[in-house]
Amino acid sequence: MKKIAFALLFFVIVFGNSYAQKRELGNVTVDELKEKVHPKDSSAVAAVLFEKGRSYFEYNQEEGFRVITEVEVKLKIYKKEGYDWANRTVSFYIGGGVSESVSFAKAVTYNLENNQIVKSKLKSDGEFVEKVNKFWSRKKISMPNVKEGSIVEYKYTIRSPYISTLPEWNFQYSIPVSYSEYETLIPEYYIYNTYRKGALQLIETKDAINKTVMIVDKERSMQSIRSGAQSGIKSTTSEFRYIENKTKFVLENVPALKDESFVNNIDNYRSSVQHELSEKRLPQAIAEFYSTTWEDVTKKIYESEDFGDQLNKDNYFEGDVKTLLQGLTTAEEKIATIFSFVQSRMNWNKYNSYSCDDGVKKAYQDKTGNSAEINLMLVSMLRYAQLDANPVLVSTRANGISLFPSRTAYNFVIAAVNINENLILLDATSKIALPNILPVRDLNWFGRIIRKDGTSDLVDLMPKTLSYDVVNMLVTMDDKGQISGKVREQYLDHSALRFRDNLGGLTKDAIAEKIEKQFKGIEIADYELSNSNISEPVVEKYAVTSSNVSEIIGDKIYFSPMLYLATTENPFKQETREYPVDFSYPFRDKYMINITIPDGYTVESTPKSIAIAMDMKYGAFNYTVTVMNSQIQLSAVLDINTSIIAPDDYNTLKEFFKVVVEKQNEKIVLKKI
């Protein structure tokens, strides 16, 4: 795990020099508009020519300091696939007494028409606000007249009264970035922790600036107050001085962040910088210290009204749960019954949060809630049943890995029950999850359990047991190399959950059609599915025919005993790997295939049986072919025993899968008698 964390923060990408340009909005040239491809990445659909950000503090006599963040962006669109880069979405917080605000300006699309630069300004119908939940909204712009070759520019400003964090600054995207700059100007009264993510080395410069703020004090005479006259107002001016600490981060010629197969969340490896307030030392005031450790973070979360207080409420469900518990004696029975009750009663509104929006009581009445309301409710019910239950903070895969101590590092909460020093993890937002079978979105390295006394510990969220996908096939081959027969496929644990998540809502005909598209050249009939009871495996049964599994040359038939199920290419083809390989969960793919050969043929040769294993017991592959009279029997078992494999072990994994793929595609040869 240490290797993986190291790779997250320090993987190295080599990058070149940027082409020089004046980095100001409105400075668009004919040559820039004529450029057809990016000079350093011909595959780029778009590129950031520059992005400059600046976060500074503005003093208001009534409100004190607030944070202003100004961002200027200049983009080049090369291909139609890059049109979406002409749109921008900026989220802002609305959940406090005072809301943040976002405004766009200088938003222009530039095109070249008859060798003349034509400008199209953003109109009001291209700008709109969307409310996400009671805490967050987002402002969106959709730039006009975007074409291949367009240059898009805009500026946006975020005004915030909240100084606990500054906006995260990304230096890297899935398109190249020629120049990225982020500057912070912070009064000496505020000390921030600065967290750097990714492997690219930021160029960082620091400076200190003397600042002066003028304060106007107005006084009115008693006579003017009584009469309401304004002429009696006297103004006096004072000033206070402080040091403003200026830091600038710069990256040039940043290559596109390329995704790879089996990556958890590519954003985990994006070069970025984050700031979180750790100390506040205002003049003539006692110093205040903020979250600097995970223990501080979890304590503040637990003590909040929308988290810890919700766990202490039980009157809204007491009658229902008391009825549920009648006759139950074991902890396992109580867990299964309560978990199933919450799953069936509650409907997740798709909002991720560890804080309640409307509270557990209202959510219970409405039968709808966010992730906190549903799973904190579950914890409270389990505690009511005298079980050792606690909430577990989670950062979902989409939110990224929680690398640094921050309340924003988590965005979800699940439940945990301790039985004989073993934790059972539960997520009732999913109607198809089971105890210790969490949705894949939750499987994101480590969560943090918070106990009643406010203490916390890391919880490993990654599964340790294999999830099975077992295929049994019984087919007959004719003298034209065509097969027909029966297939039974069984999915267990996370494999079953993934099937239900992806296909569970489809009709049988729709699922059969998807299988036919996945394995080209096969036809499916009589499809049956056993899927209704989530505590049991998913079972598929169907009849299959195919004329696309063999090759006839002369009097011989050539085919893989894996038939259409053989993996045709190695999923790991890169020479080197920069990110950890993430399989989500350990798994076993098991194939038992019985093939009856056509009359008048005999088996001339078969692939040799093998049994191989990776170093560190990461995985194993066993492959055996046996022949009995006119029957060929294949047994192939692929085990991946760990969820995550570090980049240092990538070559081992790559060579392992190379052998697996080659073996799966080796041919049996039948010869006509």
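Here are the numbers for the structure shown:
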item	result
Listing of helices (runs of 4 or more DSSP H) fully contained in region 258-346 that carry 3 or more residues being closer than 22 Å to residue 445 by Cβ	294-303
Any strands (runs of 3 or more DSSP E) falling wholly within region 542-603 and containing at least 1 residues that are farther than 29 Å from residue 511 by Cα and either more than 26 Å from the chain's Cα centre (by Cα) or free of Cβ contacts under 8 Å to residues at least 60 places away in the same chain (or both)	550-553, 556-559
Single condition residue 298 does not satisfy, out of (1) loosely packed, with under 15 Cβ neighbours inside 10 Å; (2) in contact (Cβ under 8 Å) with a residue 40 or more places away in the chain; (3) touching a Lys or Arg at 6+ places or on another chain (Cβ under 8 Å)	(1)
Close pairs (9 angstrom Cβ cut-off, 6 or more residues apart or separate chains): farther than 17 Å from residue 190 by Cα and not assigned by TED's automatic domain parsing to the domain that holds residue 73 in region 159-172, assigned to a loop (DSSP other than H, G, I, E, B) and modelled with pLDDT under 95 anywhere	none
Residue 672, sole failed condition from (1) in contact with a Gly (Cβ under 9 Å, 6 or more places away or on another chain); (2) crowded, with 19+ Cβ neighbours inside 10 Å; (3) basic (Lys, Arg)	(2)
Index of the failed condition, residue 377 passing every other in (1) in a helix (DSSP H, G or I); (2) under 21 Å from residue 323 (Cβ atoms); (3) without any contact (Cβ under 8 Å) to a residue 60 or more places away in the chain	(3)
Matching option when the condition is among the polar types (S, T, N, Q), in the same structural domain as residue 430 (by TED's automatic domain parsing) and surrounded by 15 or more Cβ atoms within 10 Å (Cβ to Cβ), among 353, 344	353
Unique match (being surrounded by fewer than 18 Cβ atoms within 10 Å (Cβ to Cβ), more than 25 Å from the chain's Cα centre (by Cα) and free of Cβ contacts under 8 Å to residues at least 24 places away in the same chain) among 486, 480, 508	508
Single residue of region 623-648 satisfying the filter (without any contact (Cβ under 8 Å) to a residue 40 or more places away in the chain and outside any strand (DSSP E or B)) that is surrounded by the fewest Cβ atoms within 10 Å (Cβ to Cβ)	629
Selection from region 604-621 of residues that are within 30 Å of the chain's Cα centre (by Cα) and of a type outside the set (Ser, Thr, Tyr)	614, 615, 616, 617, 619, 620
Hits in region 417-431 - residues which are in a strand (DSSP E or B) and within 21 Å of the chain's Cα centre (by Cα)	425, 426
Residue 361 vs. criteria basic (Lys, Arg), part of a helix (DSSP H, G or I) and in the same structural domain as residue 425 (by TED's automatic domain parsing)	yes
Residue 205 exposed (fewer than 13 other Cβ atoms within 10 Å of the Cβ) and either within 27 Å of residue 43 (Cα to Cα) or touching a residue at least 24 places away in the same chain (Cβ under 8 Å) (or both)	yes
Any hit, region 102-124, residues being of a type in the set (Val, Ile, Thr), under 30 Å from residue 213 (Cβ atoms), assigned by TED's automatic domain parsing to the domain that holds residue 30 and within 27 Å of the chain's Cα centre (by Cα)	yes
Lone unmet requirement of (1) assigned to a helix (DSSP H, G or I); (2) over 23 Å from residue 583 (Cα atoms) for residue 670	(1)
One residue from 139, 74 being more than 17 Å from residue 34 (Cα to Cα), in contact (Cβ under 8 Å) with a residue 24 or more places away in the chain and crowded, with 16+ Cβ neighbours inside 10 Å	139
Contacts under 7 angstrom Cβ, first residue in region 322-349 being farther than 19 Å from residue 375 by Cβ and among the aliphatic types (A, V, I, L, M), partner surrounded by 13 or more Cβ atoms within 10 Å (Cβ to Cβ) and modelled with pLDDT of 95 or more, 6 or more apart	325/334; 325/385; 328/334; 328/337
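Residues checked against (1) aromatic (Phe, Trp, Tyr); (2) in a strand (DSSP E or B); (3) closer than 30 Å to residue 112 by Cβ:
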position	(1), (2), (3)
128	yes, yes, yes
134	no, no, no
137	no, yes, no
140	no, yes, yes
146	no, no, yes
152	no, yes, yes
155	no, yes, yes
162	yes, no, no
169	yes, yes, no
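The values are calculated or read from the model by the stated rules, or taken from the named source; none is laboratory data. Note that this is a predicted model, so its numbers are computed, not measured. Cβ sites come from the backbone with ideal geometry, for glycine too, and all protein chains shown count toward neighbours.
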